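Working notes for the structure below.
The numbers here are math on the coordinates, done by the rules we state, and not lab data. Given the structure is predicted, the values throughout are model-derived calculations rather than measurements. Virtual Cβ from ideal backbone geometry, glycine too; neighbours counted across all protein chains shown.
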Amino acid sequence: MTTRAEFMGRIRAEMAKTRGLFPATPTRRPESPRAAAEAIRRQLAERWPVALERFRREFEQVGGVFYRVPTLAEVPEVVAAIARDRSARRLVSWHPETLGGDLGPALTARGLSPVSMPPGEIANEAERGRLRQLIAAAELGLTGVDLAIAETGTLVLRSGAGRPPSTSLLPPYHVAVFDRVALVESLAQVGVFLELWHADGEAGARGAAISFITGPSRTADIELTLTRGVHGPKEVHAIFVEHAIGG
C-alpha cells in the first residue's frame, strides 16, 4: 500500500520534471478598439495566406477537417459530400443573411433537407421549443464564423438573432464557412475584437454567448478513455471561401 508520504513524493518528482510557468502579464486594453481592429485588418491584408496556412495546420492537428473553395457557390457541394459520406440529410443553418447568402435551394437540390433559422428574436415560447427540437434532431449544423484564430485553429462564433449557439453545438456534424475577413493570427488579436464588440458599440455585435470551438467535442472518463461527440459535435469541418462572402 502506498503511504501518503510516498504519494506526495511521487507528485513532487513528476512536477519537478516540468518547466516553470511562463511569465504572464495583462494585455493593455486598446484606447480605440475600432482603430486597433482596423490596424489588424490592414496587416492581414498582406499576410493572410500565411495566417490561413497556420490555421489549417493547427485546425487539422486538433481533429478538424479543412476545405478551400473559390466562392460561396461551391460550398453546397462540399456540404453535400460531407452529408453523403455520413448518410445524413437533415441540416439546420444560420439565417442566410448571417451566412452571406441563401444556400438552401442548392442544398435541397443535392438531396439535403435544410432548415434556416428565422432572422429575428423569437418571442413565442412554443416556436422556440419547435426550433430547439429541429436543431436537436438535425445531423448537420451549418454556421458562419466570426473569427478564425490561426494560432490555435479555433473558430469563434457569436450568438444572436438568426444564429443560435445550438446550431453549432447540438448536431453531430458542424460545418463552418468563413473567408479571410474572419482570420486573425493570435489570441491577443481576439482580445481587440472582443473589446470592439462589447466596448466600442458595434451595432448588432452583442450576443448572449461567444463560443470558442477548437476541434470536435472530446470527453475522457476516469480511465482516460477519449470519446468524441458526448458534449458537442463529434466532427468539425471548416470551409474557407477565397472570395469575400457577401461581397
#### Entry: Rg/Rh (Cα only; Kirkwood hydrodynamic radius) as it applies to the chain
1.04
### Message
Under a crude label model (7 Å from the Cα following the beta-carbon direction), how far is Val50 from Leu194 in nanometres?
### Response
2.6 nm
### Task
Please report, in debye to the nearest 20, how large the charge dipole of region 1-79 is about its Cα centre when each Lys and Arg carries +1 at its beta carbon and each Asp and Glu carries -1 there.
500 debye
### Overall form of region 44-163 per C-alpha gyration tensor (a/c, 1.5; a/b vs b/c)
prolate
#### Entry: Debye, to nearest 20: dipole size of region 1-136, +1 on Lys, Arg Cβ, -1 on Asp, Glu Cβ
640 debye
### Under the span-like rule (Cα at least 15 Å along the axis, Kyte-Doolittle mean at least 1.0), DSSP H helices of the chain
187-199
### Message
Of Phe66, Thr25, Ala13, which is farthest towards the positive pole of region 9-83's charge dipole, taken about the Cα centre with +1 and -1 on the beta-carbons of Lys, Arg and Asp, Glu respectively?
### Response
Ala13
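Calculate the dipole size of the chain relative to its Cα centre from +1 charges on Lys and Arg beta carbons and -1 charges on Asp and Glu beta carbons; express the result in debye to the nearest 20.
On the way: 30 positive and 28 negative charges, 125 e Å.
Around 600 debye, computed over the chain.
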### Task
Quick one: among Val177, Val75, Val50, which has the greatest mean-square fluctuation in a GNM of the chain with alpha-carbon springs under 10 angstrom?
Val50
### Message
Going by Cα centres, region 1-74 and region 132-166 are how many Å apart?
### Response
20 Å
